[in-house]
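Engineer: Just dropping this structure here.
The values are calculated or read from the model by the stated rules, or taken from the named source; none is laboratory data. Nothing here was measured: the structure is a model prediction, and the numbers come from that model. Cβ atoms come from the backbone with ideal geometry, glycine included; neighbour counts cover every protein chain shown. Side chains are part of the model used for accessible areas, which takes the heavy atoms of the whole protein and leaves out ligands, DNA and RNA. Shrake-Rupley method; radii C 1.70, N 1.55, O 1.52, S 1.80 Å.
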Amino acid sequence: MAKATSWSKPVTKALRADGVRVSDLNTSATPGFKGDKRAGEQLLAERADLLSELQERLYANGRHGDNRSVLLVLQGMDTAGKGGIVRHVIGSVDPQGVDHAAFGVPTPEERKHHYLWRIRKQLPRGGQIGVFDRSHYEDVLVVRVHELVPPDVWGKRYDEINKFERKLVDDGTVVVKVAMFVSLDEQKKRLMQRLDRPDKHWKYSPNDLAERAYWPAYQEAYQAVLDRTNTEYAPWHVLPCDHKWYARLAVTELLIDALQGLKLDWPQATFDVEAEKKKLARA
């Protein structure tokens with residue numbers, strides 16, 4: 001049976017963005033993991049139980065006034081597997097304890113406000129795991145690549161994002177940032193699968209194909225994100241995603257690490273347990 005020892009090093013270290021060059025990334029690699037797909041899927045099933053328990057502790061403490069939370073930021077190109085992470089990793093925990101938000105093209109209302117306005121509205125409440133499917137980083141990625149605002153505007157946002165995340169951490173949110181990458185060949189394969197299956201047509205957009213032509217510009221933009229916003233308090237983890245099983249396992253481990261770092265105990269009862277037992281026995 002697969003055990004946690006299938007990791008040759010902690011996933012937080014194996015995926016840390018320090019010194020990573022996006023252009024050199026091997027998207028089919030499985031950093032830090034010694035096993036194959038079968039071992040990875042078996043370990044994922046085992047670790048999902050632990051993740052569920054830790055998330056329940058977070059939620060229980062939140063119900064008792066603990067304002068701490070975890071924010072998982074999933075940032076990646078189309079087909080990188082963000083939706084699969086939400087379904088197969090976040091789907092293993094109690095949905096009551098999850099605040100999920102997907103950020104697409106800003107609405108007319110959102111365009112009237114500062115770019116962080118819509119982000120702040122979706123931040124996780126105390127006791128919750130927040131999940132951002134795309135995030136505030138769209139405003140230094142898509143905005144930069146497609147020149148939606150001048151460089152002197154998006155260029156100031158890296159420092160602004162760092163300050164924003166610093167305050168989140170200071171206020172009790174553990175920020176887990178994951179930059180997800182697939183190869184262009186793997187992306188092509190996944191897009192073709194969407195076209196081959198009528199039940200997946202809804203996931204396909206002609207814009208997905210058009211965006212492939214911008215990949216060199218996206219590489220530069222992602223590199224700038226990693227170079228400018230990889231901080232000690234909110235570090236980036238660079239995740240190769242050609243193997244879906246590995247990506248899901250790695251994010252599971254990152255969340256477990258974040259939750260264990262909170263050192264959560266079950267909240268103490270606010271009533272006399274023995275007295276309640278006696279009253280229940282007489283009921």
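Engineer: Out of contact with any Gly (no Cβ under 8 Å at 6 or more places or on another chain) and closer than 17 Å to ALA258 by Cα: does that describe ALA60? Even if it seems obvious, please write down each step before you answer.
Structural biologist: On the way: out of contact with any Gly (no Cβ under 8 Å at 6 or more places or on another chain): no; closer than 17 Å to ALA258 by Cα: yes.
No: the conditions fail for ALA60.
Engineer: How do the helices (runs of 4 or more DSSP H) wholly within segment 92-206 filter down when requiring 3 or more residues that are charged (D, E, K, R) and surrounded by fewer than 19 Cβ atoms within 10 Å (Cβ to Cβ): which remain?
Structural biologist: Those helices (runs of 4 or more DSSP H) span 108-111, 157-170, 184-196.
Engineer: Are there any pairs with C-beta distances below 6 angstrom linking a residue in segment 16-29 that is open to solvent by less than 50 Å² (accessible area, probe 1.4 Å) and charged (D, E, K, R) to a residue that is in a loop (DSSP other than H, G, I, E, B) and modelled with pLDDT under 95, with the two at least 6 apart or on different chains, and if so which?
Structural biologist: No pair meets every condition.
Engineer: Among residues belonging to segment 61-91 that are assigned to a helix (DSSP H, G or I) and touching a helix residue (DSSP H, G or I) at 6+ places or on another chain (Cβ under 7 Å), point out the one that is surrounded by the fewest Cβ atoms within 10 Å (Cβ to Cβ).
Structural biologist: Among residues in segment 61-91 that are assigned to a helix (DSSP H, G or I) and touching a helix residue (DSSP H, G or I) at 6+ places or on another chain (Cβ under 7 Å), the one surrounded by the fewest Cβ atoms within 10 Å (Cβ to Cβ) is GLY84.
Engineer: While we're on this one: Counting just the residues of segment 234-274 that are at pLDDT below 95 and assigned to a helix (DSSP H, G or I), which one comes out least open to solvent (accessible area, probe 1.4 Å)?
Structural biologist: VAL273
Engineer: In addition: Do we have any residue at all in segment 21-40 that's under 19 Å from the mean Cα position of the chain (by Cα) and of a type in the set (D, E, K, R)?
Structural biologist: no
Engineer: Anything in segment 34-57 that is open to solvent by less than 30 Å² (accessible area, probe 1.4 Å) and either in contact with a Gly (Cβ under 6 Å, 6 or more places away or on another chain) or without any contact (Cβ under 8 Å) to a residue 24 or more places away in the chain (or both)? List them, or say none.
Structural biologist: GLN55
Engineer: Need pairs with beta-carbon distance below 9 Å; first residue closer than 27 Å to ASN162 by Cβ and within segment 200-227, second open to solvent by 60 Å² or more (accessible area, probe 1.4 Å) and among the hydrophobic types (A, V, I, L, M, F, W, C); sequence gap 6+ or separate chains.
Structural biologist: TRP215/LEU184
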